[in-house]
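Down below is the structure, laid out as structure tokens.
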Amino acid sequence: WVIHHAITDNWSVTLLMRELRQAYDALRRDADPGFEPIPIKYADYASWQRGHIEQRLLETQRQHWIERLTGLSPTTLPTDHPRPLQASFRGGRIDAPLSNELLAQLRLLGARESTTPFVVLLACFKLLVARYSCETDIAVGTPIANRTRFASEHLVGTLVNTLVMRTDLSGNPRFVDLLARVRATTLDAYAHQDMPFDKLVEDLGAGRGTLVHLLFNMLNAPVGRQQLHDLQFEEFDFDRVAAQFDLSVHIDAEVHRRIYLEYATDLFAPATARRLLDNYLHLVSQVLVDPERAVADYAVVAPTEERMRAAWNATAISYPDSVTIHRLLEARAALSGRRIAIVSQGDVLTHAELDARANKVARTLRAMGVGRGQRIGLCLERTPDMLIALLGILKSGAAYVPLDPAFPAERLTYMAEDADISVLVARDAASTAAGRQALVAAIRIGPDAVQPRPLISHRITTGGVERVA
């Protein structure tokens, strides 16, 4: 039984299933189903809604939404892939169970704060989005049945409307205070739900995706018994390959007691979607235990991910705090000089070779008058030459000042003058093509000099250090 969403919604499916049960039970008894006459048809509802819009009866609601959404930028999350110019709307879906304990705690907290489980879960979702996006103006779309009149409760068709729930999360409030904000946002949106979302998008001159990228939905249509007399039936799941929004959360707390997360595969990898869902449920569990905490105090990362992060970052190694790094290298070279120290684009250096080349640089610098208290500029790309020069500078007794070769010349000149460097170690662009070589140039920066003026240059080569000027 396949029905397009353009002509039905979740509420309508429930009505159709109810009538199917009624017809099945009657025909088993060879009786007439005895359907009640339908008060209105879908065409009647569409005509009534169009009349409201054309007669400007919704003008108050229209103005309210325009004022409410002025200046709104769609909330965006960090993604695995850059947003394409044209969305493909391809999607994936993951899900997780909702325990009876969690649902009971939701109802208890909602009752205590004079709100519903939907508002509690929506507030948690907005908090998660705020933490991920580092934003405080959070807008989430949510579908509403839009059956505010008795006659429409029995009507099959698409009446569902989308409301934009915009909430300010600034100020690090307690969760119960944030819950009050979301509750006020929700009630305000419900009070102005007759304005069709597509019409609002048209009036704002925006596309559907420019108002909200995120959807939050709690399924609450009256399902009734899942049985056809003596036959038991159940819904079967299938892969959903479409995604209208970046992320869509659907919560079924009544029938299947599961939470579903649909995601745009243009933007998110499956592993990222799974982490988002796990982190959301972890956040909900903390809120239910202690809703009085400031929202910044809740941990977003789930325990499994936190343990993984801690393991990956457990890289601390105890080094002697009274020995310098170049002395540690010398000790390593003496113990295991043939062990490989550096591998770079096919070049391999052992500890002994690394130490020997650093010594050559140190001797050259000392011969140029470099000693303790001086600062040496180090302007090399991340190559073995940079490490050789760095260690050589330390061995000479001086300190090094890192200079990025990609910086503009003016910036490098300013940094060299500001740091009062006496020697600059930089790559010789003319000799780069000939091999791995670097240039050691003595620089004098006096009070009357605007640009550094080289006095003497030495080139570091694989064979040693040679004077070139």
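Have a look at Ala333, Ala341, Ala311, Ala358 and point out the one that is open to solvent by 50 Å² or more (accessible area, probe 1.4 Å) and among the aliphatic types (A, V, I, L, M).
Values: Ala333 fails: open to solvent by 50 Å² or more (accessible area, probe 1.4 Å); Ala341 fails: open to solvent by 50 Å² or more (accessible area, probe 1.4 Å); Ala358 fails: open to solvent by 50 Å² or more (accessible area, probe 1.4 Å).
The unique qualifying residue is Ala311.
Looking only at the stretch 231-283, which residues are among the β-branched types (Val, Ile, Thr) and either surrounded by fewer than 13 Cβ atoms within 10 Å (Cβ to Cβ) or under 16 Å from Val120 (Cα atoms) (or both)? Break it down stepwise before answering.
The initial filter retains those residues of the stretch 231-283 that are among the β-branched types (Val, Ile, Thr), namely 241, 249, 251, 255, 259, 265, 272.
Selection gives Val241, Val249, Ile251, Val255, Ile259.
Just to be sure before I move on: is Ser114 open to solvent by less than 10 Å² (accessible area, probe 1.4 Å) and of a type in the set (Gly, Ala, Ser) in the structure I sent? First the steps, then the outcome.
On the way: open to solvent by less than 10 Å² (accessible area, probe 1.4 Å): no; of a type in the set (Gly, Ala, Ser): yes.
Answer is no for this residue.
Could you tell me which of the residues Phe216, Phe245 is under 22 Å from Arg166 (Cα atoms), at pLDDT 70 or above, under 27 Å from the mean Cα position of the chain (by Cα) and in a strand (DSSP E or B)? If you could, list the steps in order and put the result at the bottom.
On the way: Phe245 fails: in a strand (DSSP E or B).
After ruling out the rest, the residue left standing is Phe216.
Out of the stretch 80-94, which residues are open to solvent by 50 Å² or more (accessible area, probe 1.4 Å) and within 20 Å of Leu281 (Cα to Cα)?
Arg93
Taking Thr115 as the residue in question, decide whether it is outside any helix (DSSP H, G or I) and more than 19 Å from Val284 (Cα to Cα).
It is false that Thr115 is outside any helix (DSSP H, G or I) and more than 19 Å from Val284 (Cα to Cα).
Looking at (1) at pLDDT below 95; (2) in contact with a helix residue (DSSP H, G or I) (Cβ under 7 Å, 6 or more places away or on another chain); (3) outside any loop (DSSP other than H, G, I, E, B), can you tell me which one Gln61 breaks?
(2)
Condition check ((1) crowded, with 19+ Cβ neighbours inside 10 Å; (2) charged (D, E, K, R); (3) under 23 Å from the mean Cα position of the chain (by Cα)) across all residues:
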residue: Phe125; (1), (2), (3): yes, no, yes
residue: Asp137; (1), (2), (3): no, yes, yes
residue: Phe175; (1), (2), (3): yes, no, yes
residue: Leu187; (1), (2), (3): no, no, no
residue: Asp194; (1), (2), (3): no, yes, no
residue: Gly205; (1), (2), (3): no, no, no
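Run down Arg366, Arg327, Arg372, Arg309 and say which single residue is more than 29 Å from Leu424 (Cα to Cα) and either assigned to a strand (DSSP E or B) or basic (Lys, Arg) (or both).
Arg309
Among the listed residues Asp297, Asp321, identify the single one that is more than 15 Å from Leu394 (Cβ to Cβ), open to solvent by 90 Å² or more (accessible area, probe 1.4 Å) and modelled with pLDDT of 95 or more.
Asp297
The values are calculated or read from the model by the stated rules, or taken from the named source; none is laboratory data. Just so it is clear, the structure is predicted and the values come from calculations on it, not from any experiment. So basically every Cβ, Gly included, is an ideal-geometry build from the backbone, and we count neighbours across all protein chains shown. Areas reflect the complete protein model, heavy atoms only, side chains present, ligands, DNA and RNA absent. Shrake-Rupley method; radii C 1.70, N 1.55, O 1.52, S 1.80 Å.
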